[in-house]
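Notes for the one structure printed next.
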Amino acid sequence: MDERRQRISEDLTGAIDGEIRCDPLTISMYSSDASIHQIAPLGVAFPRSRDDVVTLAKYSTEQRIPLVARGSGTGVAGGALGEGRVLDFSRHMNQVVRIDDATVRVQPGAIRDRLNAALKPHGRYFPPDPSNSSITTVGGMLAVDAAGSHSIRVGSTRDHVVSIELVVSGGHAIELGNEPLTLLRQSIGAAGPVPDRDAGSVRQEIISRLARLLAEHDPLIQKLQPPLVRNCCGYYLRGVRSASHLNAPRLLVGSEGTLGLFTEATLHTAPLPGRRGVLLLLFAHLEAAARTVQATAPQQPRACDLLDRRLLTL
């Protein structure tokens, strides 16, 4: 173990309830994910609670060490990799906190299929269905705005979020939902972490700054960001600010840990479908298949997916 990893391990061991790992085996395991990339982190933390994440964020800010959120590591673009400290939420922070009539409160490390297994006795489910839903975490789905074959009807993860609890730079834990814009701050102050302020003032500052930025640049957003069902190119800005509210989760979802570390989320659920039917269409050319999707869209299918020659061969 090199000197920097040794110091980080000594500083944080005992400071959190979770585990800190800086040994060569753990470093090697968390140097890769489902992508082709490989980056060795300084270490790995397994937080047990929001308080652990707050402590790690404060230390990270003081020491200028990046934090990289990780769920199941199923991403193919290297989003769970980084040279800082990896936070693995799947080991401990994986609980369904509360099930209500039409919503569910869940921790980021919860597996999507296990969440739906918990919702099934209530006649509900969480609709987005990425292909690896048996292992993907809710936090990962929030991070990349996961969708799936049913997105043609149910949209993506972004469309099913009520609010997100997150820890921002400096170690402040805040909850953001569809925020009213009636009490915008008159002064936006200086940019950057503000560790001397309480979480409430930091939260208000974030809402005020975002509202002003989105209002100022709305013509540019409307002109250059296409209104797609799912858009992973940069931050999703369309529809975040309305005349009266700032829908912060729409911006946070898809941000891949760059705006904050998600510690809990309240999600919309939907009634379980009463019945299902499947139609298989065969095509000789991909272009014909794509044109048929456009032609059948008015029939409102619940799902649409493509099985091409390469996938069948694999």
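If you go through the range 156-171 and pick out every residue that is open to solvent by less than 20 Å² (accessible area, probe 1.4 Å) and over 15 Å from the mean Cα position of the chain (by Cα), you end up with 2. Scan the range 257-314 for residues that are among the charged types (D, E, K, R), within 21 Å of Ala147 (Cβ to Cβ) and at pLDDT 90 or above and the total you get is 0.
Considering the range 110-134, the residues that are modelled with pLDDT under 95 and under 30 Å from Ile27 (Cα atoms) include one that is surrounded by the most Cβ atoms within 10 Å (Cβ to Cβ), namely Pro130.
Cβ contacts < 7 Å: first residue on the phi < 0 side of the Ramachandran plot and among the hydroxyl-bearing types (Ser, Thr, Tyr), restricted to the range 267-293; second residue open to solvent by 60 Å² or more (accessible area, probe 1.4 Å) and in a loop (DSSP other than H, G, I, E, B), any location; separation 6+ or different chain. Result? If the second residue must be open to solvent by 60 Å² or more (accessible area, probe 1.4 Å) and in a loop (DSSP other than H, G, I, E, B), the pairs left are Thr292/Leu281. For the range 5-32, the set of residues classified as basic (Lys, Arg), part of a helix (DSSP H, G or I) and closer than 16 Å to Gly82 by Cα consists of Arg5 only. In the range 172-187, is there at least one residue being closer than 28 Å to Asp33 by Cβ, at pLDDT below 90 and either of a type in the set (Ser, Thr, Tyr) or open to solvent by less than 30 Å² (accessible area, probe 1.4 Å) (or both)? There is no residue in the range 172-187 that is closer than 28 Å to Asp33 by Cβ, at pLDDT below 90 and either of a type in the set (Ser, Thr, Tyr) or open to solvent by less than 30 Å² (accessible area, probe 1.4 Å) (or both). Of the strands (runs of 3 or more DSSP E) lying entirely inside the range 61-109, the ones with 1 or more residues being within 15 Å of Ile39 (Cβ to Cβ) and open to solvent by 30 Å² or more (accessible area, probe 1.4 Å) are found at 67-70.
May I ask you to verify whether Ser35 is in contact with a Gly (Cβ under 6 Å, 6 or more places away or on another chain) and either part of a loop (DSSP other than H, G, I, E, B) or surrounded by 17 or more Cβ atoms within 10 Å (Cβ to Cβ) (or both)? Yes. So Arg153 ticks every box in (1) assigned to a helix (DSSP H, G or I); (2) at pLDDT below 95; (3) touching a Pro at 6+ places or on another chain (Cβ under 6 Å) but one. Which box is left unticked? Arg153 satisfies every listed condition except (3). Every condition in (1) within 29 Å of Asp23 (Cβ to Cβ); (2) open to solvent by 10 Å² or more (accessible area, probe 1.4 Å); (3) at pLDDT 95 or above; (4) not aromatic (Phe, Trp, Tyr) is met by Thr137 except one, and the failing one is (2).
What do you reckon, is Gly84 within 27 Å of Val253 (Cα to Cα) and touching a Pro at 6+ places or on another chain (Cβ under 8 Å)? If you could, list the steps in order and put the result at the bottom.
On the way: within 27 Å of Val253 (Cα to Cα): yes; touching a Pro at 6+ places or on another chain (Cβ under 8 Å): yes.
Answer is yes for this residue.
The values are calculated or read from the model by the stated rules, or taken from the named source; none is laboratory data. Remember, predicted model here, so these are calculated numbers, not experimental data. All Cβ positions, even for glycine, are placed from backbone atoms using ideal geometry, and neighbour counts span all protein chains on display. SASA here: full protein model, heavy atoms, side chains in, ligands and nucleic acids out. Shrake-Rupley method; radii C 1.70, N 1.55, O 1.52, S 1.80 Å.
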